[in-house]
Amino acid sequence: MNVKPVVSNKPIAYSAAVSTAIAGILHIIMVPRLLEFAFNTAVFFLIAGILQLFWVYPTLRMSNKVWHYIGIGGTVGLIVLWAVTRIPNPLTNRALPVNEIGIAVQVFQIAFVALLALLITRKGDNK
């Protein structure tokens with residue numbers, strides 16, 4: 001009798017939730033600095049940070065896969081936007097600098113996408 005143990009997805013979900021929470025907090029931390037010279041960017045970072053913090057909830061609940069796909073799509077959009085603004089482009093008219101906090105945000109966002117993709121493809125308990 002071959003009985004395979006059920007592998008819990010909770011550690012993956014918790015890791016993904018922490019990743020998006022840290023990325024969201026880092027986005028929010030940048031808001032006060034941006035308010036002085038780039039109000040629209042500050043508002044964008046505030047909204048992105050709040051949405052990333054919100055995304056902790058459906059990630060921990062391991063909700064319907066549709067929520068996971070939306071989370072991945074939104075985060076990939078943020079990653080692409082960051083990458084595009086690091087080269088001369090029509091949005092910023094110049095290449096924006098690469099800094100430590102920006103790299104940290106990208107690392108946590110990429111981790112979130114990878115962990116959520118793993119969670120979607122994994123079989124096991126959904127609790």
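In this structure, does LEU34 turn out to be free of Cβ contacts under 8 Å to residues at least 60 places away in the same chain, touching a Ser or Thr at 6+ places or on another chain (Cβ under 6 Å) and within 17 Å of GLY102 (Cβ to Cβ)?
Values: free of Cβ contacts under 8 Å to residues at least 60 places away in the same chain: yes; touching a Ser or Thr at 6+ places or on another chain (Cβ under 6 Å): yes; within 17 Å of GLY102 (Cβ to Cβ): yes.
In short, yes.
Within the set of pairs 6+ apart or on separate chains, which have a first residue in the range 1-27 that is closer than 30 Å to ILE101 by Cα and aromatic (Phe, Trp, Tyr), a second that is part of a helix (DSSP H, G or I) and at pLDDT 80 or above, and C-beta atoms under 8 Å apart?
TYR14/LEU60
On the basis of being surrounded by 13 or more Cβ atoms within 10 Å (Cβ to Cβ), under 17 Å from GLN106 (Cα atoms) and not β-branched (Val, Ile, Thr), does TRP67 make the cut? Spell out the reasoning first.
Numbers: surrounded by 13 or more Cβ atoms within 10 Å (Cβ to Cβ): yes; under 17 Å from GLN106 (Cα atoms): no; not β-branched (Val, Ile, Thr): yes.
In short, no.
Out of LEU34, LEU26, LEU53, LEU46, report the one residue that is in a helix (DSSP H, G or I), modelled with pLDDT under 95 and out of contact with any Pro (no Cβ under 6 Å at 6 or more places or on another chain). Can you show your working first?
Details: LEU26 fails: modelled with pLDDT under 95; LEU53 fails: modelled with pLDDT under 95; LEU46 fails: modelled with pLDDT under 95.
Criteria check complete, one pass: LEU34.
Touching a His at 6+ places or on another chain (Cβ under 9 Å), free of Cβ contacts under 8 Å to residues at least 60 places away in the same chain and surrounded by 14 or more Cβ atoms within 10 Å (Cβ to Cβ), is that true of LEU96?
Values: touching a His at 6+ places or on another chain (Cβ under 9 Å): no; free of Cβ contacts under 8 Å to residues at least 60 places away in the same chain: yes; surrounded by 14 or more Cβ atoms within 10 Å (Cβ to Cβ): yes.
Judged against the criteria, LEU96 is not a match.
Quick one: ARG86 ticks every box in (1) surrounded by 13 or more Cβ atoms within 10 Å (Cβ to Cβ); (2) of a type outside the set (Phe, Trp, Tyr); (3) modelled with pLDDT under 95; (4) not in a loop (DSSP other than H, G, I, E, B) bar one, so which box is it?
(4)
Working only within the range 108-127, note down all residues that are over 25 Å from ILE29 (Cβ atoms), assigned to a helix (DSSP H, G or I) and in contact (Cβ under 8 Å) with a residue 24 or more places away in the chain.
To start, the set of residues in the range 108-127 that are over 25 Å from ILE29 (Cβ atoms) comprises 117-127.
Those still in the list that are assigned to a helix (DSSP H, G or I) too: 117-121.
Of everything in the range 108-127, those that are over 25 Å from ILE29 (Cβ atoms), assigned to a helix (DSSP H, G or I) and in contact (Cβ under 8 Å) with a residue 24 or more places away in the chain turn out to be ALA117, LEU118, LEU119, ILE120.
Are there any pairs, at least 6 apart or on different chains, whose C-beta atoms fall under 6 Å, with the first in the range 55-75 and in contact (Cβ under 8 Å) with a residue 24 or more places away in the chain and the second outside any loop (DSSP other than H, G, I, E, B) and surrounded by fewer than 17 Cβ atoms within 10 Å (Cβ to Cβ), and if so, which?
LYS65/ILE120; HIS68/ILE120
Return the residues of the range 89-107 that are of a type in the set (Lys, Arg) and either under 14 Å from SER19 (Cα atoms) or not in a loop (DSSP other than H, G, I, E, B) (or both); say none if nothing qualifies.
Across the range 89-107, there are no qualifying residues.
The values are calculated or read from the model by the stated rules, or taken from the named source; none is laboratory data. As the structure is a prediction and not an experimental result, all values here were calculated from the model. Note that each Cβ is placed from the backbone with ideal geometry, even for glycine, and that neighbours are counted across all protein chains shown.
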